[in-house]
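Each remark here refers to the structure printed beneath this line.
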Amino acid sequence: RLRAALIVLQVAIALVVSIGSALLLRTARNLDDVHPGFDAHGVTIAWTQLPFARYDDQAAVAFYARLAASVAQVPSVDAVGLAAQVPLGSGETLEQAFRSEGQARTLSLPVNVVDDGYFVAMGIPLLAGRGFRPIEPDRTADIVISQGAAATHFGDPGGVAALGKRLTLAPAGPTYTVVGVVGDVRQHDLARAPSAAAYRPQ
């Protein structure tokens, strides 16, 4: 009886493991079919952080502009982008509340700080308008939003209705002008739907 009970237990455990493995493989296959909203093929990511004691905001922007220009000169490099956070990476996401002109309610959006080359380097499609221009002091008032943000806040997933609209950081500014709308990106998890997002220039 003990031998029979052990055999039954072993078969049951083997069955559970087999079912679990099959479900895991099916989940992996399904996630492999999910488009993350960007193209990671051939992308290399390098992390860097400047010492705050030596670099103020202006000096940091100048450093990263020189860094991007230097990397772009490497023969094997097709595009260079700078970002505070990359999709599916670690770290906390900055959430900010915005109020659009003509609307009383605010919309909370995850915000990524990027440069003019980020969307091309990551293969994130531009759906309407334009991306950021090269780093210039007078372009800090530009903002790019995702397709989900355009659909949620302006009722237009195509993004055209959002162009030229002004978003004010709650409660009292500064104010940004929407210059472009890009495709949605799965920022944290392939199993979760992409969330609305905003991108500010470096």
Exercise for review: List the number of the failed condition for A150; all other conditions in (1) outside any loop (DSSP other than H, G, I, E, B); (2) open to solvent by 60 Å² or more (accessible area, probe 1.4 Å) hold.
Suggested key: (2)
Check your understanding: Any residue at all in the range 109-121 that is under 28 Å from G42 (Cα atoms), aromatic (F, W, Y), open to solvent by less than 40 Å² (accessible area, probe 1.4 Å) and at pLDDT 85 or above?
Key -> yes
Review point. Restricting the search to the range 67-82, which residues are under 14 Å from T48 (Cα atoms) and open to solvent by 40 Å² or more (accessible area, probe 1.4 Å)?
Key: L67, V71
Point to revise | Failed item in (1) at pLDDT below 85; (2) under 25 Å from Q58 (Cα atoms); (3) in a loop (DSSP other than H, G, I, E, B), with F132 passing the rest | key: (1)
Study note, to complete from the structure: Going through the range 47-89 in order, the residues found to be hydroxyl-bearing (S, T, Y) and assigned to a helix (DSSP H, G or I) are Y64, S70
Check your understanding: Exactly one of (1) hydrophobic (A, V, I, L, M, F, W, C); (2) modelled with pLDDT of 90 or more; (3) not in a loop (DSSP other than H, G, I, E, B) is unmet by A97. Its number?
Key -> (2)
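The values are calculated or read from the model by the stated rules, or taken from the named source; none is laboratory data. Model, not experiment: these values are computed from the prediction. Side chains are part of the model used for accessible areas, which takes the heavy atoms of the whole protein and leaves out ligands, DNA and RNA. Shrake-Rupley method; radii C 1.70, N 1.55, O 1.52, S 1.80 Å.
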